[in-house]
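Q: Take this structure, written in structure tokens, and hold onto it; I'll ask about it next.
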Amino acid sequence: MESKDFRRLGHELVDWIADYRDRLDELPVMSRVDPGDVRALMPADPPETGDGLDQVLVDLEGIVLPGITHWNHPGWLAYFPSNTDLSSVLADLVSSGLGAQGMNWQTSPACTEVEDVVMEWLRSMLGLPDEFSGVIHDAASTATLCALLCARERATGFRQETAGLTGHDAPLVVYASDQAHSSILKAVMLAGMGRENLRLVETDSEYALPPDALAAAIEHDTAAGRVPCAVVATIGTTATTAVDPLADIAPIARDRGLWLHVDAALGGCAMICPENRPLWNGVETADSLVLNPHKWLGAGFDLSAYYVRDPDHLIRTMGTDPSYLRTSRDGSVRNLRDWGIPLGRRFRALKLWFVIRDQGVEGLQRRVRRDMANAAWLREQIETSPDWELLAPVPLQTVCLRHVPEALRGDEQALAIHNLTIADAVNAGGRYCLTPSVVRGVQLLRVSIGALPTELEHVEGAWAALRQAADGVRPATS
Ligand SMILES: *Cc1c(COP(=O)(O)O)cnc(C)c1O
């Protein structure tokens, strides 16, 4: 494409994106296409001769948009907030426009140094100690894999790295709560530790990891000749945003020489507000930590922040140092290729840099506080409405609830069907989208607040929609 065509189409596409964000309110939150609908609108074969992109806006409207579920919609209450502030959209454009690889300092010094500075900014915004060094990964899943690889090498004195899976014969064991994210299991599998060696410790009544049970599980494995290797504590679990008691877990890990990794993918973002930091007391002693600014700080996916206490250990675990990548500057710079899995790295730091510059720390704090206040408002409605039940504490921005009408009390199966029907009715309405979920056998409705344009009025609207749906659904006794 020539720059003159890029300029013209680029302006049109920026306009299209801006208009899209402005008219989100009019679109149904959840895509209504059926499987195969999008595919059916595309030719089976690629065009033999290129005919330019002049049709592309028509196709974005006709083919793509109907198949999009709008995560930036004000009625987005599903899964988790994951949004791309428009400042971050611009940063992505710049990153692609520069088209630079930041694998070494030398391959584009600005890629590394902007990332260094932005990760230091974020560290101080979160109140983390200066010993932590940060690097950007694509996703929390990748960061957690890196953490468990580091834990594995520390526990085996680098035997796995040198001798492979035959290098250590006692199984290495990883501990997390039964509410931990599936990425922990995936990391255990990919690190060659084996799913049998992941202990998902039963959580307490608030879905948090009980330190006593953790200590007991570690003693049990040690007595059986296995090697306890790492503890993954979660700050803000996926289902209910439960918070594991880090201050009590950290000494258990430290005293027994276990790696402590903190999965704060969503919850870590809340720590830019000092009043939330008691939730992760003890974090300063962690060996590694991940949080996703692409979840609740406005940076577009993929921007996951991974912090480690001992970067040399990370580099020794992940680095390979082939001759063709060595440069004369290696002694005085960070070569971020050695801080993660892929060699190539695009200029993702721009996304966070743009967002922080545009919003400032205050702007980002305001947004987190707004979302937490809106969640607290909904929690109060549930607590003061006789037929509704709150199913978990609300430490962050997710409210877990269900409707319990008089006629169905005590009939779990009927309650599950009843609440699923409510979720379907709300979601079918097109203005709000929430995720039903089953936690410890209980069917609940998860209202995850925090899309960028979601204001109190939208949460009020969702609460009205929930009540209306509950009234409209005739409770069927089983
Ligand atoms: C979202 C989430 C993850 C996974 O994040 P990715 O960046 O998509 O890999 C892991 N843990 C928790 C607690 C999460 O909320």
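Q: By Kyte-Doolittle mean hydropathy of at least -0.5 and Cα axial length of at least 15 Å, which whole DSSP H helices of the chain are selected?
A: Qualifying helices, which must be both long enough and hydrophobic enough, are 86-98, 109-125, 140-156, 211-223, 349-383, 412-428, 456-472.
Q: So, in Å, what gap is there between the alpha-carbon centers of segment 408-478 and segment 1-75?
A: Cα centroid of segment 408-478 versus Cα centroid of segment 1-75: 31 Å apart.
Q: Sticking with the crude label model, points 7 Å out along Cα→Cβ, report the distance from Ala247 to Ala163 in nm, one decimal please.
A: Distance between the two pseudo-spin positions: 4.3 nm.
Q: Rounded to a whole number, what is D in µm²/s for segment 1-152 from Stokes-Einstein with the Kirkwood radius over alpha-carbon pairs (10 °C, 1.306 mPa s)?
A: Numbers: Rh = 19.6 Å.
Value of D from the Cα-based Kirkwood radius: 81 µm²/s.
Q: May I pose another question? Using only C-alpha atoms and all pairs of different ones, pull out the Kirkwood radius for segment 234-370 in Å with one decimal.
A: 16.9 Å
Q: Give the peptides 291-304, 15-28 in descending order of average Cβ contacts within 10 Å, highest first.
A: Packing order, densest peptide first, comes out as 291-304, 15-28.
Q: What does the net charge come to around Leu297 if you take all other residues with beta carbon closer than 9 Å to its beta carbon, with K and R at +1 and D and E at -1?
A: Working: positive: Lys295, Arg367; negative: Asp85.
So the surrounding residues net to +1.
Q: OK, next. Would you kindly work out the equivalent ellipsoid of segment 100-346 from its C-alpha gyration tensor and give its semi-axes, the square roots of five times the eigenvalues, largest first in whole Å?
A: Details: eigenvalues 165, 108, 39 Å².
Semi-axes (√(5λ), whole Å): 29, 23, 14.
Q: Residue by residue through segment 273-280, which ³J(HN,Hα) values in whole Hz follow from phi under the Karplus form 6.51 cos²θ - 1.76 cosθ + 1.60 (θ = phi - 60°), with glycine and proline marked x?
A: 9, x, 5, 8, 5, x, 4, 10
Q: Convex hull over the Cα atoms of segment 355-472, averaged projected area in nm²?
A: 7.8 nm²
Q: Using alpha carbons only, what's the Rg to Rh ratio of segment 74-158 with Rh from Kirkwood?
A: When Rh is taken as the Kirkwood radius, the ratio is 1.04.
Q: If you add up the charges near Thr398, with Lys and Arg at +1 and Asp and Glu at -1, over every other residue whose beta carbon is less than 11 angstrom from its beta carbon, what do you get?
A: Local net charge: +1.
Q: While we're looking at this one, here's another question. Using 7 Å Cα-to-Cβ label points, what is the Leu98/Arg329 separation (nm, one decimal)?
A: A separation of 1.2 nm, rounded to one decimal place.
Q: Can you give me the accessible area per residue for the chain, using a 1.4 Å probe, in Å²?
A: Here the per-residue accessible area is 45 Å².
Q: Another question about this same structure. Over the chain, what is the percentage of antiparallel beta bridges among all DSSP beta bridges, to the nearest 5?
A: Antiparallel: roughly 55 percent of the beta bridges in the chain.
Q: First compute the accessible area of segment 277-378 with a 1.4 Å probe, then give the percent of it belonging to carbon and sulfur atoms. Show your work: numbers first, answer last.
A: Values: 2160 of 4230 Å².
Whole-percent figure for carbon plus sulfur exposure: 51.
Q: So if we plug the beta-carbon distance of Ala213 and Lys186 into 1/(1 + (r/R0)^6) with R0 = 25 Å, what FRET efficiency do we get, rounded to 0.05?
A: Here the calculated transfer efficiency is 0.60.
Q: To continue, here is another question. Under 27 Å Cα-Cα from Lys186, which lysines qualify once same-chain neighbours fewer than 8 residues away are excluded?
A: Lys295
Q: Expressed in nm to one decimal, what extension gain is obtained for the pair Arg409 and Arg254 from 0.36 nm per residue of sequence separation less their Cα-Cα distance?
A: So the extension gain works out to 51.2 nm.
Q: Could you compute the net charge surrounding Leu145? Neighbours are other residues with a C-beta less than 14 Å from the C-beta of Leu145; K and R count +1, D and E count -1.
A: Residues near Leu145 contribute -1 overall.
Q: Quick one: compute a quarter of the convex hull surface over the Cα atoms of the chain and quote it in nm².
A: Projected over every direction and averaged, the Cα hull of the chain covers 26.3 nm².
Q: Still on this structure, please answer the following. Any idea what % of Cα-Cα pairs in segment 97-223 are farther than 24 Å? Please list the in-between numbers first.
A: Values: 3840 of 8001 pairs.
Considering segment 97-223, 48 percent of its Cα-Cα pairs are separated by more than 24 Å.
Q: I've got another one for you. Taking the highest mean first, how do the peptides 74-87, 274-287 order by number of other beta carbon atoms within 10 angstrom per residue? Don't skip to the end; give the middle numbers.
A: On the way: 74-87: 22.8, 274-287: 18.3.
In decreasing order of mean packing, 74-87, 274-287 become 74-87, 274-287.
The values are calculated or read from the model by the stated rules, or taken from the named source; none is laboratory data. Keep in mind that this is a model prediction, so the values were computed, not measured. FYI the Cβ positions are ideal-geometry reconstructions off the backbone, even for glycines, and counts take in every protein chain you see. Accessible surface areas use protein heavy atoms only, side chains included; no ligands, DNA or RNA. Shrake-Rupley method; radii C 1.70, N 1.55, O 1.52, S 1.80 Å.
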